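A.B. asks: Handing you a structure now.
Just so it is clear, none of the values below were taken in a lab; they were calculated from the coordinates. None of the values given here were measured: they were computed from a predicted structure. Cβ coordinates were reconstructed from backbone atoms using ideal geometry, including for glycine residues, and neighbour counts include every protein chain displayed.
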């Protein structure tokens with residue numbers, strides 16, 4: 001959950017690195033039916049947000 005609009009299209013979640021042993025299989029955003037681009041790597045989970053953001057406040061990502 002992002003408690004504020006990130007202000008950019010790209011969000012990095014450092015806790016979800018490949019080294020952490022968590023293999024991500026899907027990422028989606030609540031309230032958005034389209035697909036998000038994402039990549040899990042050594043620096044974390046990098047998600048490219050779609051435009052426009054549905055709200056200026058809370059953005060919720062579902063990470064599987």
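A.B. asks: What is the Rg over Rh value, at two decimals, for the range 10-63, using alpha-carbon atoms and the Kirkwood definition of Rh? Present the calculation step by step, with values, prior to reporting the outcome.
C.D. replies: Working: Rg = 11.4 Å, Rh = 11.7 Å.
Ratio of gyration radius to Kirkwood radius for the range 10-63: 0.98.
A.B. asks: How do the peptides 20-31, 37-48 rank, highest first, by the average count of neighbouring beta carbon atoms within 10 Å per residue? Write out the running numbers ahead of the final one.
C.D. replies: Values: 20-31: 12.5, 37-48: 16.2.
The peptides rank, most packed first, as 37-48, 20-31.
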